[in-house]
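Reviewing the structure listed below.
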Amino acid sequence: MKREIAVILLVISIVLLSACGSNTVSLETLDSSDSLTTTEASSFVTTEDVFVTEGTEEYRGFILDNVLHSEKDGEIHYNLYIPDSYDGTEPYALFFTLPGYGGLYFQGVGENLRTETIAFTAQEYNSKMIVVAPQLEDWGETSANQTIALVEYFLSHYNIDQVYAEGYSGGGETMSPVMGKRPELFTAYLHCSSQWDGEYEPVVESRTLVYLVVGERDEYYGSEPTKQAYETLYRLYKEQGLSEEEIDELLILDIKDEAYFTDRGTTNQHAGGALFANDQAIMGWLFNQ
């Protein structure tokens, strides 16, 4: 009797297993013409809307012309320096520097590194810092969104604890809208020889640190747009009830007079904005936050 029951149970098990197997979909047996429901597909199909093509050329420690392919924001070109010591086991700082006109992608791969020095001088302030030098197509809305996408990519794929940013001239016209959209991504921002084209309220809400520096007689922008940006941010902080001392911890206006430039061998205050990369007071402020 026991043997008959065992045989019956064995037969039932074989039938059930066969039934289950007939409904199982595997990657090996799935034909491209087969249709799947969303529930069935989600169990093994994963998609990512961004991926990176790594560059092959090197310049002064930077890998040139890496490309972040974004389904939403298109192809984003950038040059990248990662210290040899980075292995992902401890958090590193991250620095984004956006160039002025002359360093954009259509003007030549790596031209931002050849015409501006801040990507290199920044390394002197923190040996545990990844440096990203994007080469975008312009200084408008598209480039601002691409910068945000690139920052988000690095935050999700690398071990990062601080994010610094700098924009010079047209780069500031791009980075200021970035600050107006996603200031919470950044620890501190250095705005050089430019004008503020972004929103102000999000910066005040996030308490992102901002340093505004320009020549008093900048030939391209003048100093008035920078002063107006400072006054707007200052007023918004005052409306939130912050004291002057508290605002001074968050916001700095630095207008350089003519002597600042002539003492350093130049009379052109806009092009002389490149001197800020070698100013220890300015750079020290940025990377000590």
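Determine which single condition Pro202 fails, assuming it passes every other condition in (1) open to solvent by 50 Å² or more (accessible area, probe 1.4 Å); (2) in a helix (DSSP H, G or I).
For Pro202, the exception is condition (1).
Do we find a residue being closer than 20 Å to Phe154 by Cβ, at pLDDT below 95 and either of a type in the set (Asp, Glu) or open to solvent by less than 90 Å² (accessible area, probe 1.4 Å) (or both) anywhere in the range 37-48?
Taking every residue of the range 37-48 in turn, at least one turns out to be closer than 20 Å to Phe154 by Cβ, at pLDDT below 95 and either of a type in the set (Asp, Glu) or open to solvent by less than 90 Å² (accessible area, probe 1.4 Å) (or both).
Can you go through Lys238, Lys227 and tell me which one is charged (D, E, K, R), open to solvent by 30 Å² or more (accessible area, probe 1.4 Å), assigned to a helix (DSSP H, G or I) and within 25 Å of Tyr101 (Cα to Cα)?
Only one candidate qualifies: Lys227.
May I ask you to list pairs of residues, at least six apart or on different chains, whose Cβ atoms are under 9 Å apart, with the first in the range 263-275 being within 10 Å of Glu219 (Cβ to Cβ) and the second being open to solvent by less than 70 Å² (accessible area, probe 1.4 Å) and among the β-branched types (Val, Ile, Thr)?
Note: pairs meeting the criteria are Gln269/Val214; His270/Val214; Gly272/Thr266.
Can you work out which of the residues in the range 241-274 that are touching a helix residue (DSSP H, G or I) at 6+ places or on another chain (Cβ under 6 Å) and part of a loop (DSSP other than H, G, I, E, B) is surrounded by the fewest Cβ atoms within 10 Å (Cβ to Cβ)?
Arg264
Being under 21 Å from the mean Cα position of the chain (by Cα), modelled with pLDDT under 95 and within 30 Å of Val131 (Cα to Cα): is that true of Glu111 here?
Taking the combined requirement at face value, the residue does not satisfy it.
Please find, within the range 68-118, the residue that is surrounded by the fewest Cβ atoms within 10 Å (Cβ to Cβ) out of those that are within 20 Å of Thr53 (Cα to Cα) and of a type in the set (Val, Ile, Thr).
Ile82
Would a scan of the range 165-181 turn up a residue that is of a type outside the set (Phe, Trp, Tyr), in a strand (DSSP E or B) and open to solvent by 30 Å² or more (accessible area, probe 1.4 Å)?
Just the residues of the range 165-181 that are of a type outside the set (Phe, Trp, Tyr), to begin with: 165-167, 169-181.
With the extra rule that they be in a strand (DSSP E or B), the set shrinks to 165-167.
When the remaining residues are screened for being open to solvent by 30 Å² or more (accessible area, probe 1.4 Å), the result is none.
Scanning the range 165-181, I find no residue that is of a type outside the set (Phe, Trp, Tyr), in a strand (DSSP E or B) and open to solvent by 30 Å² or more (accessible area, probe 1.4 Å), so the answer is no.
Between Gln195, Gln135, which is in contact with a Phe, Trp or Tyr (Cβ under 7 Å, 6 or more places away or on another chain), free of Cβ contacts under 8 Å to residues at least 40 places away in the same chain and of a type in the set (S, T, N, Q)?
Selected residue: Gln195, the only one of Gln195, Gln135 that is in contact with a Phe, Trp or Tyr (Cβ under 7 Å, 6 or more places away or on another chain), free of Cβ contacts under 8 Å to residues at least 40 places away in the same chain and of a type in the set (S, T, N, Q).
Does any residue of the range 117-124 turn out to be in a helix (DSSP H, G or I) and of a type in the set (Asp, Glu)?
The answer is yes, given that some residue of the range 117-124 is in a helix (DSSP H, G or I) and of a type in the set (Asp, Glu).
The values are calculated or read from the model by the stated rules, or taken from the named source; none is laboratory data. Note that the structure is predicted; figures quoted are calculated from it, not measured. Note that we place each Cβ from the backbone using ideal geometry, even for glycine, and neighbour counts take in every protein chain shown. With ligands, DNA and RNA removed, areas are computed over all heavy atoms of the protein, side chains included. Shrake-Rupley method; radii C 1.70, N 1.55, O 1.52, S 1.80 Å.
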